[in-house]
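This report refers to the structure that appears directly beneath it.
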Amino acid sequence: MLEDNSSKRLEEEESESVAALLPVPKEEFLNYGYLVEMAPDDKDFRKEMVHIYRETFRQMQEDYPKALLSKDHTQLRSIHHKIKPTVTMLDIAALRQLIEKTESLIREDALNETLEAHALQVITTCDTIIEVLQEALRRDLDGN
């Protein structure tokens with residue numbers, strides 16, 4: 001019972017942390033317009049790109065916490081290197097801030113007891129990114 005309450009409290013704190021990182025509505029969480037500008041007449045291309053982005057963020061949800069909790073600086077830097085172009089293209093401020101925070105902690109050799117909360121924050125942020133991408137694609141394909 002205590003573990004359930006602790007998990008719930010951590011999830012609530014995490015949701016508040018993500019909201020604090022990005023004080024904008026979900027519709028403004030990322031810049032889907034970049035995909036439309038890149039391929040204005042090709043919805044199939046945009047659909048494929050959303051699929052690729054979704055898989056990239058799902059992979060990040062799996063790999064990032066493992067690397068973070070094991071304090072694998074090399075793997076974290078590799079993940080950052082791989083994800084930064086996508087974060088930049090889609091202008092995802094919340095994830096950019098989390099990456100910058102991790103890089104700062106690595107430089108200061110300060111990865112410590114906040115690791116689990118930080119890992120959960122990354123997972124939650126990726127969940128939101130995937131949700132927003134899916135919704136933007138749905139609206140795009142429906143012509144809204």
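Can you pull the one-decimal nm distance between simple spin-label points at D109 and I52, each 7 Å off the Cα toward Cβ?
The answer from the label model is 4.0 nm.
Around K66, with a cut-off of 14 angstrom between Cβ atoms, what is the net charge of the other residues, counting Lys and Arg +1 and Asp and Glu -1?
It works out to a net charge of -2.
Can you tell me the length gained on complete extension of the stretch R96 to S78, counting 0.36 nm per residue apart and subtracting the Cα distance?
Here the answer is 5.0 nm.
Please give the length that would be gained between S70 and A39 if that part of the chain were fully extended, namely 0.36 nm times their separation in residues minus their C-alpha to C-alpha distance (nm, one decimal).
7.2 nm
Of the listed peptides 122-134, 68-80, 32-44, 94-106, what is their order by residue-averaged count of other C-beta atoms within 10 Å, with the highest listed first?
The most tightly packed comes first, giving 122-134, 94-106, 68-80, 32-44.
For segment 88-144, what is one quarter of the convex hull surface built on the Cα atoms, given in nm²?
For the Cα atoms of segment 88-144, the hull's average projected area reads 4.4 nm².
Considering the convex hull of the alpha carbon atoms of segment 35-124, report its projected area averaged over all viewing directions, in nm², one decimal.
That works out to 5.7 nm².
Read-outs: derived from the displayed coordinates by stated rules, not from any lab. Quantities reported herein were computed from a predicted structural model and do not represent experimental measurements. Don't worry about glycine lacking a Cβ; one is built from the backbone with ideal geometry, like all the others, and counts go over all protein chains shown.
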